Amino acid sequence: MALRLLAEVSPQDLLIGLSELHNHALGYVKSMSLKCAVDLGIPDAIHRRGGSATLADIAIDTDINPAKVPDLKRMMELLSTSGIFTATAAKDSGGGSSKPDDVSYGLTTACRFLVGWRNLSPMVPFVVSPLVVSSFFSLSDWFRKEPSAAGSLFELAHGCPQWEMASKEPRMPRSTASSTNPCQLFLEVVILDKGRIFRGLSSLVDVGGGHGAATQVIANSFPRIKCTVLDLPHVVSKETTASDGNIHFVAGDMFESIPHADAVLLKNVLHDWSDEDCVKILKRCKEAIPARNEGGKVIIIDMVRGSAQEDRKISEMEAIQNMFMLCINGVERDMHEWKKIFSDAGFSDDYKIMPVLGPYSVIEIYP
Ligand code: SAH
C-alpha cells in the first residue's frame, strides 16, 4: 500500500515529469532573473570589464550589497545554465586551491545583444513589466468569456486597453519608444538581404512608423526615396512633425486615410490587430498606392509562423510570441492566415513571402 504510487511509475519517469513541470511552473523565475540582470546592468558590467568578470567584480560594478554576493551567485548560476551568461572556472593555480567563487562570467551570443550599440535590452522591461505579466493571471477567466465582453486579456485584467494605459500610467514601459535599436538592427538585415524591395521607389509611407527609427535606416540607404512616417498624434510629437532631412512626419489614423506613395510599409503593425482590422488597414493602404503596373505595393515586415518547424527553440519562440500577443488581442500569423487577410482586402494572390531571419519575414503584396 505504502509503495502503490511507485508501482505505477518508474523513478526515471517521475524525475522527467517533475523536472518538466518545475521548469514550466517556475519559468517566470527565469524571466524575472533576466529582468533583474538587465536592471542591475550586469551584462554591461561584464562587457566593460572586457567580457569576463568574477562575482566580486560584478558586485562592485553594479552596487550589490556585499552580504548578498552568495545570492548573486545563485542568479548567475541560473542565467548561465539557461544560456545568458557563460561560466568558466578560474584556472587552478596548483594544489587544488581554486574556489568556486573564482568562476568568471562572460557573455553568450544572446547576451551580446544586451550590450553596446545593438542593444535589445529595452524590450526586457516591457515584456516583463508588472502590468503585462499580471494580465496573464486572468487567462482562464478570459477563455470562458464571450469575445465581445472580454476585450483583450490586458483589458480584462486592468479595465482598459494597453495603449490607453500607456498614455496614463508611467509604470508601463512604452514598446514603441524603447524599440528603436532592435527595429534599426532588423531593418539593416532586411536591407542587406532584401534591399531590392526598396529599389526604384520614389516615395514610401511607413504606416505606424513610431518615431521613424526604421524609416531613418531606409532613408539613409535610399536617399532618393521621399519617406513619410504616419503615426497617431500623441506619437508624432511636436519635435518630429517638422520635416527631418528626407523624412516627413504626418499625424493621423491609418483606419481613416494614408498619405499617397509608391509603397506603403507596415512593420510590426498588423500583428497588433484582428483579421477584421487588418483588412480595413490594408484597404486604406490599397487606396494610397498606384496600380501594380505603376509599381504600387505594400511591404509588410512581420512574423510568418511555421517557417522553422524542425528547430525546437525557434518553434517555441514562435508559440510563446503568439501566446504573448494574446495579451493585447494581437496574433502572430502563419502563411495561411496571412493569405486570407490579403485576399479579403482585395490584393492579388501572387504575393511574395521572403523569410529574412527564421520566421521574421518580408511580405510584398500587390493591388
Ligand atoms: N513600425 C514600428 C512601430 C510598431 S508598433 C516598428 O516596427 O517598430 C505599432 C505602431 O502603430 C505604434 O507606433 C502605434 O502608435 C501605431 N498605431 C497604432 N494605431 C494607429 C493608427 N490608428 N494609426 C496610425 N498609427 C497607429
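Tabulated results
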| read-out | value |
| --- | --- |
| Ratio Rg/Rh [Cα only; Rh per Kirkwood] for segment 272-329 | 1.12 |
| Cα gyration tensor shape of segment 1-61, rounded if a/c is under 1.5, else prolate or oblate by comparing a/b with b/c | prolate |
| Å² of accessible area per residue within the chain, as computed with a 1.4 Å probe and no ligands counted | 55 Å² |
| Extension gain, Met354 back to Val9 (0.36 nm per residue minus Cα-Cα distance, nm) | 119.4 nm |
| Over segment 218-361: Kirkwood hydrodynamic radius from C-alpha pairwise inverse distances, Å | 16.6 Å |
| Carbon + sulfur, % of accessible area of segment 12-90 - ligands and nucleic acids excluded, 1.4 Å | 60 percent |
| Two-decimal log10 I(q)/I(0) for the chain, as the Debye equation yields it once each C-alpha is a single scatterer, q = 0.07, 0.08, 0.14, 0.15 Å⁻¹ | -0.40, -0.51, -1.28, -1.40 |
| Where Phe222, Phe342, Phe143 fall by accessible area, highest first, once all protein chains stay in place (1.4 Å) | Phe143, Phe222, Phe342 |
| Whether segment 221-304 is rounded, prolate or oblate, judged on the alpha carbon gyration tensor where a/c under 1.5 counts as rounded | oblate |
| Residue among Ser19, Ser33, Ser257 with the largest mean-square fluctuation in a Gaussian network model of the chain, springs linking Cα atoms under 10 Å | Ser19 |
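The values are calculated or read from the model by the stated rules, or taken from the named source; none is laboratory data. None of the values given here were measured: they were computed from a predicted structure. The protein model used for the area step is the full one, side chains on, heavy atoms only, and it has no ligands, DNA or RNA in it. Shrake-Rupley method; radii C 1.70, N 1.55, O 1.52, S 1.80 Å.
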